[in-house]
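The values are calculated or read from the model by the stated rules, or taken from the named source; none is laboratory data. Quick caveat, the model's predicted, so the values are computed rather than measured. As a convention, Cβ positions derive from the backbone with ideal geometry for all residues, glycine included, and neighbour counts pool all protein chains shown. The accessibility values were calculated without ligands, DNA or RNA, using every heavy atom of the protein model including side chains. Shrake-Rupley method; radii C 1.70, N 1.55, O 1.52, S 1.80 Å.
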Amino acid sequence: MTASTDVVIVGAGPTGLLLAGDLAAAGVSVTVLERRPEHENNLTRAFAVHARTLEVLDARGLADELLARGARLADLRFLRRLRVSLAGLPTRSPFLLVTPQYEVERLLEQRALASGARIRRGVEVQDLRQDDDGVDVLTTTGPVRARFVVGTDGVHSSVRHALGSPFPGRTVARSVMLADVRLAEKPPDVITANADGKTFGFVAPFGDGWYRVIAWSRARQLPDDAPVDLDEVRQAFGQALGTDYGMHDARWLSRFHSDERQVPQYRVGRVFLAGDAAHVHSPAGGQGMNTGLQDAANLGWKLAAELQGWARPGLLDSYHDERHPVGRLVLRVSGGMLRAVLSPRRRLAVLGTLAAAALRVPAVARRAALTVSGIGIAYPHPRGAHPLVGRRAEDVELTGGRRLAQVLRDGRFILVAPVSEVLRDRPTDAAHLRVVEPLDDTAVTMLVRPDGYVAWAAERPQAADVRKAVADWCPNAFLPRLTPATMPPAPR
């Protein structure tokens, strides 16, 4: 007998777990298939949770616990001479949070299970067969029928392989060594990294006395399956940083290569790709997990809208339209950073000098902070739309002591309207819309999508404009009747 569900998600990493939680919280039946029989914490490669990702987690009630466990960095330092300050970012979390990926996964899995998602481990996907109504997922434990499938199963994605989707790109770094070690001396910074033109070294804490070390040597370019010993890691790391901090007791050692690749299409019929299954890039800048989580946040509410019958035309296609350019940007930025730090000594010195000069220009430094943090990521908007459209909505304070991120936890559109009369007789059971009032007086009314981006905005709009905007995005939502009398007067 074939099992059935609304959505099958293949891969129980951070991207798949956030998506599963969003769909289950929206009332969608969702099953996650994971080939690994159990958690493997030493697979953690990500340690950076950027500001925009913290906002995404805050909108799901998960940020506070993560913040209590991680270490905060207000300044990002590269090559000991380059500094990008995050302190001025327009967010409640103007910093990078250093915490291992498995802590993020733990919170996301708890939320997904509590919301009703089903997670099946030890299940491998063998093939997919699509038709007009759904997808048959053939697995090692039997078939599963779903209306949609999302592949979040990493760089070696079985879903991408089953689709026959190309994954063009190239290898940008070989023989990168990983080690989980203890250190006799504590590094001076939470994240410590440097390159000298011949070697590169990086170290970040797990938070439990163990450290993740990354090391690379131009003189030791070996295949991925070549054995690694701690002395080789010590030598490359110590040359790059001037010390190995007395590393010892390695519990895990590995060697890998870093690719830059991206699929041409994030959607193929009823199948979607997200996270590393759709794009893979260097670890420089700590973008991998963050980009995948934001793929999931973009896709989840759109799938729920389609399954529940209130999606506007083309909504599912907008996932590719919005997220593919972001993936391309991340490849370009992280790739540029990696090529810089692995450059020969003379070129590295020139690049460092140029970058230091550029970052002394305030506008350049701000753009760098907005880009690496994700706060500056914006989506395309229609010609003539308000400048806020397509941008993340700031976490504005609302009446009643609430913030926008808190009311976004319902998974609905939020109409932020600066008029108390709009809230009169507001229904408590609006299926896809909630109306709230900002604490501070403002002329801008905005309709915020469930993923925290502005769908529509206008300054002192007429009631008819508000109703049209709501109808365009969530046509079945109930909005209290607005009349010209309930809206602020147009400016003279």
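Sequence-ordered 3J(HN,Hα) estimates for region 215-223 from the Karplus curve with 6.51, -1.76 and 1.60 and θ = phi - 60° stand at 9, 8, 9, 4, 7, 10, 9, 10, x Hz, glycine and proline given as x. Evaluated on region 59-147, the Kirkwood hydrodynamic radius is 17.1 Å, with distances taken between all distinct Cα atoms. Once C-alpha pairs closer than 8 Å and six or more residues apart are averaged by separation and normalised to the residue number of region 130-203, the relative contact order reads 12 percent. The smallest convex shape that holds all Cα atoms of region 62-205, its convex hull, gives 221 Å³ per residue.
Prolate is the label for region 329-415, because a/c, from the alpha-carbon gyration tensor with a ≥ b ≥ c as root eigenvalues, is 1.5 or above and a/b exceeds b/c. Extents of region 245-287, taken as max minus min of Cα coordinates on every principal axis and listed largest first, are 53, 19, 15 Å. In this view, the solvent-accessible surface of Leu138, computed with a 1.4 Å probe and all protein chains in place, comes to about 40 Å².
Thr152 sits with roughly 20 Å² accessible to a 1.4 Å probe, with DNA, RNA and ligands left out of the calculation. Under 5 Å between amide hydrogens, built in the peptide plane, is the criterion, and for Trp252 it picks out Asp180 among residues at least 5 positions away or on other chains. For Arg92, the accessible area of its heavy atoms, probed at 1.4 Å with every protein chain present, is near 130 square angstrom. Considering only Cα atoms, the convex hull volume of region 1-97 works out to 136 Å³ per residue.
Accessible area ranking (1.4 Å probe, heavy atoms, ligands and nucleic acids excluded), largest first, for Asp189, Asp244: Asp189, Asp244. Shape index of region 188-236: Rg/Rh, with Rg the Cα radius of gyration and Rh the Kirkwood radius from the inverse mean 1/r over Cα pairs, equals 1.00. Compared with the dominant principal axis of the Cα atoms in the chain, helix 317-341 is inclined by about 30°. Once the Kirkwood radius over Cα pairs is known for region 263-419, the Stokes-Einstein relation at 10 °C and 1.306 mPa s delivers a diffusion coefficient of 87 µm²/s. Restricted to Cα atoms, region 176-265 shows a radius of gyration and a Dmax of 13.6, 48 angstrom.
Take region 55-106 with all the other protein chains still there, run a 1.4 Å probe, and you get 44 Å² of accessible area per residue. When mean projected area of the Cα convex hull in nm² is calculated directly from the model, which label among (1) 43.5; (2) 24.3; (3) 21.6 fits? For mean projected area of the Cα convex hull in nm², the calculated option is (2).
The lysines whose alpha-carbon is closer than 27 Å to the alpha-carbon of Lys198, local same-chain residues fewer than 8 away aside, are Lys186.
Residues within the reach of a label modelled at Gln221 (point 7 angstrom out along Cα to beta-carbon, backbone nitrogen below 14 Å), restricted to region 158-195, are 171-176. Reported to the nearest whole Å, the Cα centre-to-centre distance from region 152-227 to region 305-382 is 21.
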